[in-house]
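Below is one structure, written out as structure tokens; the observations come after it.
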Amino acid sequence: MIKRAVLLLLVSCQFGLATGGSIEERTAACRAVAAGFMSTLKAELMKAMRDGGPLNAIKVCKERAPEIAAQKSKVTGWRVARTSLKARNPANSPDPWERKVLESFEARRAKGERVNSLEHGEIVTENGKRAFRYMKAIQTSGICLRCHGKNIDPALSSALREFYPQDKATGFKLGHIRGAFAITQPM
């Protein structure tokens, strides 16, 4: 408990959030958390692919990605998650605010904005409480297409259906939006 409080204080002070923090400071803090999440997840996916191929990588997305999100949430005291308009796991489906932001990301991408630059943050009031909400788009890379593309190996497709019977996360193209990191900072 003390370790968590110290880490939260360090993160908050580092980004000027202990005393409120500007939108820019909050955005920078969220950007850093999202980058750390992506870096950890990508490294574990690459290792799983090397060690056992795409079937092995399913375990990383199914088990480790939620654990990484929970760890980031615990350290920061924020809600840290992933979401998508085409979620593989229904628990990761976007809420109305996230859906609106994801749809705006798709519109911005269609107009030529680079997926890696798509992010959005704003202060919102939900259930009578103010929070800073942030999203950073996740670009579909080559490694993603093995499980999320159009031509998925039949054995892999069967395993995905077993783990995710309501899977909607296929048919993506290289460079498109796979989803987004979603972070909520209570104020």
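If you go through the stretch 38-70 and pick out every residue that is surrounded by 14 or more Cβ atoms within 10 Å (Cβ to Cβ) and among the hydroxyl-bearing types (Ser, Thr, Tyr), you end up with 1.
Looking at the structure I just gave you, is Val124 loosely packed, with under 15 Cβ neighbours inside 10 Å and either closer than 19 Å to Ala34 by Cβ or β-branched (Val, Ile, Thr) (or both)? Criteria met by Val124.
On inspection, Gly149 does not qualify as in contact (Cβ under 8 Å) with a residue 60 or more places away in the chain and either crowded, with 16+ Cβ neighbours inside 10 Å or in contact with a Gly (Cβ under 8 Å, 6 or more places away or on another chain) (or both). With respect to the conditions (1) crowded, with 18+ Cβ neighbours inside 10 Å; (2) at pLDDT below 95, Ser141 lacks only one, and its number is (1).
Within the stretch 52-95, the set of residues being at pLDDT 95 or above, of a type in the set (Asp, Glu) and part of a helix (DSSP H, G or I) comprises Glu67 only. Beta carbons closer than 6 Å, at least 6 apart along the sequence or on distinct chains, pair a first residue in the stretch 158-170 that is of a type in the set (Asp, Glu) with a second that is not in a loop (DSSP other than H, G, I, E, B) for Asp167/Leu160.
Between Phe172, Phe181, the distinction of being assigned to a loop (DSSP other than H, G, I, E, B) and buried (at least 18 other Cβ atoms within 10 Å of the Cβ) belongs to Phe172 only.
Considering only the stretch 71-80, I want to know if a residue exists there that is crowded, with 19+ Cβ neighbours inside 10 Å and of a type in the set (S, T, N, Q). Yes - at least one qualifying residue is present in the stretch 71-80.
The values are calculated or read from the model by the stated rules, or taken from the named source; none is laboratory data. These numbers were taken from a predicted model, which means no experiment stands behind them. Positions of Cβ are generated from backbone atoms using ideal geometry, with glycine treated the same way; all protein chains shown enter the neighbour counts.
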